[in-house]
Amino acid sequence: MSVRAHPTRTRSLQYVALAGYLIFLGFPLLWMLSTAFKSSQELADITPRLIPSDPILDNFGDAIDRADLVHAGANSLQVALATTVLVIAMTLPAAYGLARYKTWLRPVTLSWILIGQVFPVILVAIPLFLILDQFSLTDSLVGLTIVHAVYALPFGLWMLQGYITAIPRDVEEAGAVDGAGRLRILVSIILPLLRPGVVATALFTFIASWNEFFFALVLIQDPDKYTLPRTLVRFVGASDQVQLGPLAAGALLATLPSLVFFLLIQRRLTAGLLSGAVKG
Amino acid sequence: MNVKHLAGVALVACLVASCATSTNESDETSDSGDSEGPVTLRFNSLAFQEPTIEASKAIVDAWNAEHPDIQVEYVQGSWDSVHDQLVTQLQTGKAPDIIHDESADISGFARQGYLADLSPYLSDEVKDAVPEGVWDAVTVDDKVIAAPTLLQSYMVFANTDLLQQAGVDIPAGETWAWDDFQAAAAKATTDDTYGVAWGLAEPTATVTSLGMNFGATFFDGEGDDADITVGDPELALPARIHEMTYDDQSIDPTSLTLSGSDALPGFLHGKYAMTVQGSYVAQQLVQDAPEDFHWAVLPPLSAESAAQAANPQTLSVPAESPHVEEAAEFIDYFMAAQNLAKVAEGDWLIPASSEASDAVAADTGGDNGWNEILNSGEYLTKAPFQSVTNYPQWDDQIATPALQKYFADEISLDELQAELTDGWADVSGG
């Protein structure tokens, strides 16, 4: 009743809440942007300002030169893209099987996947290192890609099987009635309908791999193979010492590719998230 | 459709390129260190400030030029992640040949047998140049498990204008008595200014190290076989800080919740007359202080003594390295006075060797607090807690929260004593 009686006020409150949420999410990014343009003297000022009083670009030069940001960015891009392709290629058929064939194996498998997620990564670091070493995959971007893919698989599988479950079986049955075989149904009917889910899963996988630090730290030793998070940590020293300007500039530059990736597929992602949220 | 195809081709190309480049690179590096050709040693350096990184790389370059058969590869590491990295690398036999760390961290690995004894390889010059108390900090089970390179001490940094306005004479002796420090802080406290800012968000390291001024030992014994003692000497420093905060009101209570670096902006803005910080903060003051801000490093604080815990940065060699002797030879070279002086100046830390300390004094003229900082080096010595296996757990789970509560005036001194003592029984299984 009250919502109908005061639609304008309700809508205004919704916008205020949305604006508040946007500020909550966006402010750290905005502060990082501001910090990236501040000198160390301004960063030591007792009165913090969002707009730098005397903006400088030196931090970006420092970040690019000292952290070899371009090379590390190329490594991160290789690993994140390869991880994304691998995860999508492996989760698609597995998610279809889990969603459509509802045997006793389904809840067992899904529970197993969930249980696997609760173990801290530090527990598996050493055995994983030893196994990868057997195959000469330590200090290798291929090895890192495999590890990232393994860690992204469960979440991808959960997401995708939710999207597939949301596609009515009637659609497939209608295709079968029209004479389409199983493969044709999958390629021509399911895949196009699943596109938002694939895009959403790809985005989450890409960002997870792009940001991953621990395995990059443990597995990669050759500076030529450092990924972005691995190289940015050099601006953090002992006893709370941080070179905040170069770190913010480097982190800002490191954020840009995932932002661009997000912007490129934003429309499809929104559709995918909504369909997953309502029906998954 | 064309765009989609292109995107697909690009993805596959990236995947293939990733495999191709990584496999090739793996093949290249796996050959290093073979018996044929020069030995290649990997040096994981944690040098932080740019001048120190440059100085470290220059030392490596000079070594490589002089030693064609033993080449050192410089790898930039980070303090923030070195422990996690070493846990995996040492257990899997993949640690760098030369490990840069600090004694408090590396001692745990040494007790597990992961580090080589360097004493047979280090030269007499290096052994003689480093004080006995500092060698003690890197000696585990009678083995020298690292060469100590640089140290830090806790120093009082003063806004000299504020102290002089308050009528406090800038101390100039070898040490500065705690009572005089407390009196100066009270005198410099006004309606607008606190006498002291002390960033004690993580208070345990400060209390166990600077507490040695009052004869605090906290622990008796080594390794797993250690007992705790929390008596008057151990409680003297926390009690003094509490008294200055809540009775004298000369320490800003909010500063106790900050990290050391977070307290600096207020100091630079004239909100505090003094601040207690690690000696390396002098570098930040030189870099960031406004031109009209006049500051000084005051002499090391002293009660029963001016002793503080020596937790030197270290260079170690994994016991499993096939090139222990060569790596130790490089460490010996790194420890030469002029080399150590250069890396010390960059990070504004105290070189472990007396000759290097003299070289820094000569290079800097003792300006910008160098005299006082270098002077404080002579009081650094091994603290009992550095030999205790469960100390890090006690620090993290017991001492830090207990001290934070005490400094927030939430518990009494007796309750602090009980929490520190009973908590040790919990973490040590006693």
Whole-percent carbon and sulfur contribution to the accessible surface of region A:1-159 (1.4 Å, no ligands, DNA or RNA) stands at 73
Counting only other chains, and only Cβ atoms inside 10 Å, what mean value do you get across the residues of B:192-199? 0
When a/c is below 1.5 the answer is rounded, else prolate if a/b is larger than b/c, else oblate, so apply that to region B:312-430 with a ≥ b ≥ c taken from the square roots of the Cα gyration tensor eigenvalues. oblate
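Calculate for chain A the 222 nm mean residue ellipticity that helices alone would give, adding -39,500 (n - 2.57) per DSSP H run of length 4 or more and normalising by residue count, nearest 500 deg cm²/dmol.
-24500 deg cm²/dmol
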Give the relative contact order (percent, whole number) for chain B; include only Cα pairs under 8 Å separated by 6+ residues. 24
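Would you kindly give the portion of the calculated P(r) for region B:247-292 that falls above 16 Å, as a percent of all Cα pairs?
Value for region B:247-292 (Cα pairs over 16 Å): 36 percent.
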For chain B, what does -39500 (n - 2.57) per DSSP helix run (n ≥ 4), summed and divided by total residues, give at 222 nm, in deg cm²/dmol to the nearest 500? -13000 deg cm²/dmol
Report the charge-dipole magnitude of chain B in Debye, nearest 20, computed about the Cα centre from +1 at each Lys and Arg Cβ and -1 at each Asp and Glu Cβ. 960
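Quick check on the protein assembly as shown: of the DSSP beta bridges with both residues there, what percent are antiparallel, nearest 5%?
That works out to approximately 55 percent antiparallel.
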Cα gyration tensor category, rounded, prolate or oblate, for chain A with a/c compared to 1.5: oblate
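Classify region B:198-322 as rounded, prolate or oblate from the Cα gyration tensor: take a ≥ b ≥ c as the square roots of its eigenvalues, call it rounded if a/c is under 1.5, otherwise prolate when a/b beats b/c and oblate if not.
Since a/c reaches 1.5 but b/c is at least a/b, the shape of region B:198-322 is classed as oblate.
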Whose amide H sits under 5 Å from the amide H of B:Gln308, counting only residues 5 or more places off or on another chain, with H placed in the peptide plane? B:Leu380, B:Thr381
Roughly how many Å is it from the Cα centre of region B:172-188 to that of region B:222-301, as a whole number? 13
Select from region B:87-136 all residues whose loss of accessible area on going from the chain by itself to the full protein assembly reaches 50 Å² or more (probe 1.4 Å). B:Thr88, B:Thr92, B:Lys94
Along Cα→Cβ, 7 Å out, is where each label goes; now give me the distance between the ones at A:Phe119 and B:Asp358 in nm to one decimal. 5.8
Restricting to Cα pairs under 8 Å and 6 or more apart, the percent relative contact order of region A:31-128 works out to 17
Along the charge dipole of region A:204-267, which of A:Gly250, A:Ala216, A:Val236 sits closest to the positive end, that is, farthest toward it, with unit charges on the beta carbon of Lys, Arg, Asp and Glu (+1, +1, -1, -1)? A:Gly250
In sequence order, what are the phi-derived ³J(HN,Hα) couplings for region A:213-220 according to the Karplus relation 6.51 cos²θ - 1.76 cosθ + 1.60 with θ = phi - 60°, rounded to whole Hz, with x for glycine and proline? 10, 4, 5, 5, 5, 7, 8, 9
Rh_Kirkwood(region A:169-223) over Cα pairs, Å, one decimal, evaluates to 14.2
Under the Kirkwood approximation for Rh and a Cα-based Rg, what ratio Rg/Rh is obtained for region A:1-102? 1.23
Just the accessible area for A:Arg234, please: 1.4 Å probe, Å², rounded to the nearest 10? 40
A 31 angstrom limit on the alpha carbon distance is what I want to check against. Which of A:Lys225/B:Lys57; B:Lys94/B:Lys405; B:Lys187/B:Lys382; B:Lys271/B:Lys405 exceed it? B:Lys94/B:Lys405; B:Lys187/B:Lys382
Listed by chain and number, the residues whose amide H is under 5 Å from that of B:Val388, excluding neighbours fewer than 5 places away on the same chain and using placed H, are B:Gly223
Express the carbon and sulfur contribution to the solvent-accessible surface of chain B as a percent, rounded to the nearest whole number, probe 1.4 angstrom. 47
Please list 3J(HN,Hα) in residue order for region A:223-229, calculated via the Karplus relation 6.51 cos²θ - 1.76 cosθ + 1.60 where θ = phi - 60°; whole Hz, with x for glycine and proline. x, 5, 10, 4, 8, 4, x
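I'd like to know how chain B sits against the 2.2 N^0.38 Å rule of thumb: what's its Cα Rg over that expected value? Walk me through the numbers before you get to the answer.
Working: Rg = 24.1 Å, N = 430, 2.2 N^0.38 = 22.0 Å.
Output field value: 1.10.
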Among A:Phe119, A:Phe261, A:Phe213, which one shows the highest mean-square fluctuation when chain A is modelled as a Gaussian network with alpha-carbon springs under 10 Å? A:Phe119
Per residue, how much accessible area does the protein assembly as shown show when a 1.4 Å probe rolls over the protein heavy atoms, in square angstrom? 46
At 1.4 Å probe size, what's the solvent-accessible area of B:Thr175? Round to the nearest 10 Å². 50
Measure of exposure for A:Val150: accessible area at 1.4 Å probe, Å² rounded to 10, is 80
Interface residues, region B:284-321 - accessible area loss of 50 Å² or more versus chain alone, probe 1.4 Å: B:Asp288
Can you give the local net charge around B:Leu86? Use residues other than it whose beta-carbon is closer than 12 angstrom to its beta-carbon, Lys and Arg +1, Asp and Glu -1. -3
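If I take R0 = 45 Å and measure r between the Cβ atoms of A:Trp31 and A:Ser188 in this structure, what FRET efficiency does the formula 1/(1 + (r/R0)^6) give, to the nearest 0.05?
Once rounded, the FRET efficiency stands at 0.40.
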Which distance in nm do the two modelled labels at B:Ala201 and A:Arg100 give, with both placed 7 Å along the Cα-to-Cβ direction? 5.4
Summarise the long-distance tail of P(r) for the protein assembly as shown by giving the % of C-alpha pairs beyond 44 Å. 35
Within the under-13-Å Cβ sphere about B:Ala58, not counting B:Ala58, Lys/Arg +1 and Asp/Glu -1 give a net charge of -3
Between A:Ser111 and B:Asp61, what is the spin-label point distance in nm, taking each point 7 Å from the Cα along the Cα→C-beta axis? 6.3
With θ set to phi - 60° and the Karplus curve 6.51 cos²θ - 1.76 cosθ + 1.60, what are the ³J(HN,Hα) couplings of region B:301-315 in order, to the nearest whole Hz, using x for Gly and Pro? 5, 8, 10, 5, 7, 9, 5, 9, 6, 8, 10, x, 5, 9, 10
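What number, in percent, do you get for the relative contact order of chain A if the mean sequence gap of Cα pairs under 8 Å and at least 6 apart is divided by its residue count?
Relative contact order for chain A comes out at 31 percent.
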What are the radius of gyration and Dmax of region B:35-124, computed over its Cα atoms and given in Å? 14.1, 37
How do A:Tyr151, B:Tyr280 rank by accessible surface area computed with a 1.4 Å probe, from largest to smallest? A:Tyr151, B:Tyr280
With +1 at each Lys and Arg Cβ and -1 at each Asp and Glu Cβ, the charge dipole magnitude of the protein assembly as shown around its Cα centre, to the nearest 20 debye, comes out at 6240
Packing-based order for B:155-167, B:197-209, using average beta carbon neighbours within 10 Å, highest first: B:197-209, B:155-167
Would you report the distance distribution of C-alpha pairs in region B:78-205 as whole percents per 10 angstrom bin, up to the bin with the largest distance? 9, 29, 22, 19, 16, 5, 0
Peptide B:75-85, shielding by other chains (average Cβ, 10 Å cutoff): 6
In whole Å, how far is the Cα centre of region A:49-102 from that of region A:207-244? 13
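The values are calculated or read from the model by the stated rules, or taken from the named source; none is laboratory data. If you're wondering where the values come from, they're calculated on a predicted model, not measured in any experiment. Cβ sites come from the backbone with ideal geometry, for glycine too, and all protein chains shown count toward neighbours. Ligands, DNA and RNA are stripped out before the accessible areas are found, and what is left, the full protein with its side chains, is counted by its heavy atoms. Shrake-Rupley method; radii C 1.70, N 1.55, O 1.52, S 1.80 Å.
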